[in-house]
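Derivation of every value follows stated rules applied to the coordinates shown; laboratory data play no part. Fair warning: this is a prediction, and the values are worked out from it, not measured in the lab. Positions of Cβ are generated from backbone atoms using ideal geometry, with glycine treated the same way; all protein chains shown enter the neighbour counts.
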Amino acid sequence: MFEIIEEGALLEENVKVGNYVTIKKGAKIGKNTVIGDYSYIDSNVVIKENNYIGTGVILKGNVSIGKNNHILDKTTIGLSPKHIGYHFYKGRVIIGDNNFISNDCSIDCGNNYLSDKRPELLDYLRTDLPSNLDYEDATIIGDRCYILNNVTIHHNCRVGLGNISNYSGEYDTIICSGCCLNGFVQLRKGCELSSGTYIREFASIGEGAFTAMMTHVVKDIPPFAFIRNNCCIGTHEGLAKKFKISKNEILKLRDTFEKKRSGELDSYIPYSKKQ
């Protein structure tokens, strides 16, 4: 074994550390966690129990990871936010439980300039977070998200939070390969993004919404809407059935969704309202 574990790093029982791993002073690693070769764990990183961290993973800055996550090879979490003029207001990344994050993904930390620069966004970013959580400076991945390879999630995004019950299967929110979420995107629980979906900053994507491959999202998407060829073609009946959501419940979710949008963008009009 050729690892560097600095004095002051806390490793609980049965943590397995691979070759050429660096764990900095102050890092906290929960029991039964595996850390693959060539990974880097920074000083302010907290990893709870039963996680798998793959080869060459970089956890940089202030990163908190919950329980039972799989984070695969060469993924980087906690890089500085990229927002013109505000590169140095570095916040946090918070990742919940039971997520799968595949290889070569990138998740930026939050940008904590909001209170003085963009106070109108504070209520928007508070959505569905516990009242005791300091949400302002964080990029947040909730629970039970399935994120495939080469996905980029930029600063202050909210992924996998929302007002529907868990699916009976293993994962609720799915992001396929090659997707990109720009700053301040809300991708709510139960969404499915097909490969190559690009979402512009400040977009709000409602619960159970679906995008077809290579979609460029330029408006807010209501809950359980089906976006194809950059148009809303109606309700995604498959996801409604998956989460056992009735038409009346979808209408209620859409009314609630209107109050949770950032207000920066227009909304795609659901097919039912066009008629």
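Summarising the strand pairing of the chain, around 5 percent of its internal DSSP beta bridges are antiparallel. Bridges between two residues of the stretch 190-275, per DSSP, are antiparallel at a rate of about 25%. Take the Cα of Glu3, step 7 Å toward its Cβ, do the same at Asn166, and the gap between the two points is 2.9 nm. Here the label points at Lys259 and Ser177, each 7 Å from Cα along the C-beta direction, are separated by 4.2 nm in the simple model. The order of the peptides 256-266, 39-49 by mean Cβ neighbours within 10 Å, most packed first, is 39-49, 256-266. With the helix formula -39500 (n - 2.57) applied to DSSP H stretches of n ≥ 4, the chain reaches a computed 222 nm mean residue ellipticity of -2500 deg cm²/dmol. Rounded to the nearest 10 degrees, the angle from helix 247-258 to the longest Cα principal axis of the chain is 70 degrees. With a Förster radius of 51 Å, plug the Cβ-Cβ distance of Asn230 and Lys28 into 1/(1 + (r/R0)^6) and report the FRET value to the nearest 0.05. Taking R0 as 51 Å, the efficiency between Asn230 and Lys28 is 0.70.
Between Ile23, Ile53, Thr76, the Cα set farthest toward the positive side of the dipole of the stretch 6-78 (charges on each charged residue's Cβ, about the Cα centre) is that of Thr76.
Between Leu187, Ile5, Asn149, whose Cα lies farthest towards the positive end of the dipole of the chain when Lys and Arg beta carbons carry +1 and Asp and Glu beta carbons carry -1, centred on the Cα centre? Of the listed residues, the answer is Leu187.
Shown here are the Rg and Dmax of the Cα trace of the stretch 102-261, at 14.7, 43 Å. Compactness ratio for the stretch 6-78: Cα radius of gyration over 2.2 N^0.38 Å (N = residue count) comes to 0.92.
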